[in-house]
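Below: one structure, written as structure tokens.
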Amino acid sequence: MDDRLQFALVIGRAGVEAGGANAFAYFHVEDESSFSLVDSKATAPGARKGVSGFSRGRGTPRVGGPGGRGGGGGGRWGNQGTRGRRGGASMGRGGWRDWEKVNRSRESSVPIQPDWTMLEEIDFPRLSKLRLEVDLEEPKTVGTFGQVFAYDRTFDRITPKTERPLQILDRVRYNTTTSDDPIIQDLASKGTAKAYATDTILSWLMCCTRSVYPWDVIITHEGGKVFFDKRDGGPFDFITVNENAADPPMETDKEKDSINSPGSLSLEATFIDQHFSFQAVDEKNSIKFNRPNPFTSPEDREPLASCGYRYRIFDLGIDEDDDFTIAVRTQVEAFLPAATPKGPAQLVTLRSLNEFDSKAPGSGGAPEWRAKLDTQRGAVVATEMKNNGFKLSKYAVQSVLAGADVVKIGYVSRVNPRENSRHATLTTATMRPSDFIAQLTVSVSNGWGIVRMITDKILKMPEGRYLLIKDPNKAIIRLYSIPATAFMGEEEADIPEEDEAAE
């Protein structure tokens, strides 16, 4: 990896061995046409904030330290430093380092421990048959926080011939896991909903049948409520590149430091997505939501990125008598000023796609953007939908969950295909979230069915902690029961070792 990027990020990823398990089948007491799982055949068994960011010389992240129920602490999409514990930029122990190694299988996103008990498993074809119709027009917004800047409309006029260099801006955006979110904690204490999640986690679950690489979600059943959490520094903190390509990026032992390896590309894509959203706004024009950012304090001096948090309640009840809601923290990154003085502003989500090298292995047959974006944009879009279907589906679902009016996607490419430290925005695309969903043929009702099924399954189990994990090499998810202390205290466990080494 090009050391000029200073990408010192921590990713924790050891193979999964399937033990005996019951079928991960879902049945509801009442026969409702609005929620069903066709084919119920048995399947063979097979709060404390942390920081996660890019190294720009500002502090050390908490990695897997005590984080309440989530065990991961909060993350900030800023330019904070990290000592690279558990692997750093070399991708650490497993999964992401070994994506698509020649003649090797991918490793699990997290090592399966001997004291974990595998409870159930279900394959993607059966997940894809779940359906739950949810009214997306009437979710209840229970709180808005933060501040968003106006979208910089000059980005709409950028073309490959007038490309704009990607600027490295010193901004902070918090990416706190569900259980460490003080607003979620307050909502849970009031019994606002039965389930709690962030839009990142929820969209991942709703689109999970399109995923290829391994991932995992920590699920806590406590007090009759269910909390979905990410591990700090885990797959949910990073963006993949060409995950759905027929020949995705590969990493061999000889090329483990290649800038085009899956791990390096993931760090690069995350870096680009972050800074594109920082740059594509006009900080002179802003809208403040009802309450200030819930993750910052008066002592914090870092400039905050444009970000508005909207806490929304979705009704997942099957009928009027089924009181089942989920509270979700969603976010938007910008707004479009109203066309008239009395008109409402439009909320915007900012996302990016990135080109690395159209001639490199793993490019997925992508056309060269600088040559084709003006004349054959349809071919570029079609290739991205094929190679990055999972990522784009999550983008679309996140926008719908947030109630955004517009999605802006920047096409960002390397200035030189052979080095990954300089980038430029070539153009942007604008679309409505509903159109985006339709173009990607994402079934939102299937996504809600998956979320409801998993939540119901957890609520029927004893209170405790569980781990939902995607098999690294098969289209299967597995549910494990894990100890209450799993993923807690890892940083504290590391500190004595560092001190001892220093001595």
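Here, each number is a calculation from the coordinates, and none is a lab measurement. Because the structure is predicted, anything quoted here is derived from the model rather than measured. Heads up, the Cβs are rebuilt from the backbone with ideal geometry, glycines too, and the neighbour counts pull from every protein chain shown.
Worth a mention:
- Ranked list, fewest to most other Cβ atoms within 10 Å of each Cβ, for HIS423, HIS221: HIS221, HIS423
- Volume per residue for segment 138-272 equals 200 cubic angstrom (convex hull of Cα atoms).
- Sites THR375 and ASN473, calculated FRET efficiency, Cβ-Cβ separation with R0 45 Å, nearest 0.05: 0.70
- A cut-off of 5 Å between modelled amide H atoms, ignoring neighbours fewer than 5 places along the same chain, links SER352 with GLY410.
- Put in order of Cβ neighbour count within 10 Å, fewest first, the listed residues SER481, SER203 become SER481, SER203.
- Ranking ALA188, CYS207, THR220 by Cα position along the charge dipole of segment 172-226, where only Lys, Arg, Asp and Glu carry charges on their C-beta atoms, puts CYS207 farthest toward the positive end.
- On full extension, the segment bounded by ILE313 and ALA338 gains 6.4 nm, given 0.36 nm per residue less the C-alpha separation.
- Under Karplus coefficients 6.51, -1.76 and 1.60, residue-wise ³J(HN,Hα) of segment 216-233 in Hz, glycine/proline x: 8, 10, 7, 10, 10, 9, 8, x, x, 10, 10, 10, 9, 10, 9, 8, 5, x
- Exceedance of the 22 Å cut-off in Cα-Cα distance is limited, within the set LYS140/LYS288; LYS161/LYS394; LYS129/LYS457, to LYS161/LYS394.
- Using the average count of surrounding beta-carbon atoms within 10 Å as a protection proxy, the listed peptides 206-215, 148-157 rank, highest first, as 206-215, 148-157.
- Pairwise FRET efficiency - THR485 versus ASP186, Cβ, R0 = 22 Å, nearest 0.05: 0.30
- Equivalent ellipsoid, segment 229-354 (semi-axes from 5 times Cα gyration tensor eigenvalues, Å): 33, 24, 17
- Nitroxide proxy distance, nm - points 7 Å out along Cα→Cβ at GLU283 and THR141: 2.5 nm
- Counting Lys and Arg as +1 and Asp and Glu as -1 over every other residue whose Cβ lies under 12 Å from the Cβ of LYS474, the net charge comes to 0.
- Distant-in-sequence amide H partners of GLU120 (H built 1.01 Å from N, under 5 Å): LEU479
- Altogether, the Stokes-Einstein calculation at 37 °C and 0.692 mPa s, with the Kirkwood radius of segment 381-488 over Cα pairs as Rh, returns a diffusion coefficient of 189 µm²/s.
- Extension reserve of the ARG432-LEU169 stretch, reckoned as 0.36 nm per residue once the Cα distance is removed: 91.9 nm
- Between segment 429-494 and segment 259-304, the alpha-carbon center distance in angstrom: 25 Å
- Amide H contacts under 5 Å for LEU316, placed H, 5+ residues apart: PHE324, THR325, ILE326
- Total formal charge among the other residues, if their Cβ is under 14 angstrom from that of ILE158, Lys/Arg +1 and Asp/Glu -1: +3
- Relative to the current alpha-carbon distance between ALA424 and LYS129, full extension at 0.36 nm per residue lengthens the span by 102.1 nm.
- Likely footprinting exposure, GLU222, GLU368, GLU120, GLU333, fewest C-beta neighbours within 10 Å first: GLU222, GLU368, GLU120, GLU333
- Taking Lys and Arg as +1 and Asp and Glu as -1, the other residues whose beta-carbon sits under 9 Å from that of TRP448 total +1.
- Calculated SAXS-style log₁₀ I(q)/I(0) at q = 0.21, 0.28 Å⁻¹ - segment 189-260, Debye, Cα scatterers: -1.01, -1.33
- Over all pairs of different C-alpha atoms, segment 99-211 has a mean inverse distance whose reciprocal, the Kirkwood radius, equals 20.1 Å.
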